[in-house]
1. Scan region 29-52 for residues that are in a loop (DSSP other than H, G, I, E, B) and more than 13 Å from ligand 2 (Cβ to nearest atom) and jot them down.
2. Which residues, taken from region 1-28, are surrounded by fewer than 17 Cβ atoms within 10 Å (Cβ to Cβ) and either within 21 Å of L125 (Cβ to Cβ) or more than 9 Å from ligand 2 (Cβ to nearest atom) (or both)?
3. If a residue has to be modelled with pLDDT of 85 or more and outside any loop (DSSP other than H, G, I, E, B) to count, how many in region 88-109 make the cut?
4. Being away from ligand 1 (no atom under 13 Å from the Cβ) and either among the basic types (K, R) or open to solvent by 50 Å² or more (accessible area, probe 1.4 Å) (or both) is the filter here, so list the residues in region 35-51 that pass it.
5. Touching a residue at least 12 places away in the same chain (Cβ under 8 Å), among the aliphatic types (A, V, I, L, M) and open to solvent by 30 Å² or more (accessible area, probe 1.4 Å): is that true of L187 in this structure?
6. When you scan region 227-240, do you find a residue that is touching a strand residue (DSSP E or B) at 6+ places or on another chain (Cβ under 9 Å) and open to solvent by less than 40 Å² (accessible area, probe 1.4 Å), even just one?
7. Is there a residue being at pLDDT 75 or above, closer than 30 Å to F215 by Cα and part of a helix (DSSP H, G or I) anywhere in region 142-163?
8. Quick one: would you say D123 is open to solvent by 10 Å² or more (accessible area, probe 1.4 Å) and modelled with pLDDT of 90 or more?
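The values are calculated or read from the model by the stated rules, or taken from the named source; none is laboratory data. Bear in mind the structure is a predicted one, so any value in this text is a computation, not a measurement. Note: ideal-geometry Cβ built from the backbone for every residue, glycine included; neighbour counts use all protein chains shown. Accessible surface is based on the protein model in full, side chains and every heavy atom, while ligands, DNA and RNA are left aside. Shrake-Rupley method; radii C 1.70, N 1.55, O 1.52, S 1.80 Å.
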Amino acid sequence: MILTFIIGVTGKGGVGKTTVSALLIKAIIEKKLGVILAVDADPNYNLNQKLGVVIENTIGSLREDIVKAVDSLPQSMSKHDYVEYQVRMALTESENFDLLVMGRQEGPGCYCYINNILRSYVDTLTDNYDFIVIDNEAGMEHLSRRTTKAMDVLIVVSDASKIGIETAGRIKKLAEAMELKIGKYVLIVNRVIGEGTIDSNFADEQGFDAVYIIFGDTEVESYNAQGKSLLLLPKKSNAATGVEAILGKILEDNKNE
Ligand SMILES: Nc1ncnc2c1ncn2[C@@H]1O[C@H](COP(=O)(O)OP(=O)(O)O)[C@@H](O)[C@H]1O
Ligand SMILES: [Mg+2]
């Protein structure tokens, strides 16, 4: 069994969660650090676009079919096997990573049974990967549902504003109050326009284990505007280099524990 390193990315809407997730994946690929599972846990999924892959199914879109089918399965197939099979169908495999898109829960039905199987399946799935990067939707309550596994690092992304950083601090406190199993809390202040333009004392006061910044990057902006894969960003891209350095530090800190 591999020791999977699980990174969750959260923060309020539009701060750069998906961009940071995609750039983390880019860094892991380029440094050849291991096998990656990317999980898009935002119902308005778009991580696939930033990674340049087309997806056919989401767990959400399959769930409705699963509910209908589980009661009329042939005797030879257990409900459990059927759900696992469907989840495998939702996994998009590409050369450098696999991608699982959770999607939106459709319909008002009770999905508890299926959600439980899903959770335990995602848990077993995780054992096949060295890295899991989870791009979350804004709002903390969703974090706990995806997997029962501990997260090694929760990255809270913020814009460079004082209010934004304060909100990031609040998200961290909420995660602590929910008693999620999280190893380290990391704050990334994103789209910083220049050294000295953020109040770093204030950022430090939010109680994160580490605080990093990523500069605003016009290349990232134009790639996103064109819907181009961020994996194709040139090596010298500010944001890509920044995220690669941050990942290096996170892994270094983890090793030194
Ligand atoms: N470091 C950056 N430099 C420039 N633009 C950025 C940067 N990070 C994110 N953006 C832009 O901000 C917008 C929102 O980013 P996104 O990653 O989709 O946020 P979220 O997933 O938090 O909603 C995108 O249009 C993206 O191009
Ligand atoms: Mg997003």
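1. Correct list: K31, K32, L33, G34, V35, G52.
2. The answer is M1, I2, L3.
3. 7
4. Result: V35, single match.
5. So L187 does not fit the description; no.
6. Within region 227-240 (the criterion being touching a strand residue (DSSP E or B) at 6+ places or on another chain (Cβ under 9 Å) and open to solvent by less than 40 Å² (accessible area, probe 1.4 Å)), the answer is yes, since at least one residue qualifies.
7. Yes, there is a match, as at least one residue in region 142-163 is at pLDDT 75 or above, closer than 30 Å to F215 by Cα and part of a helix (DSSP H, G or I).
8. Criteria not met by D123.
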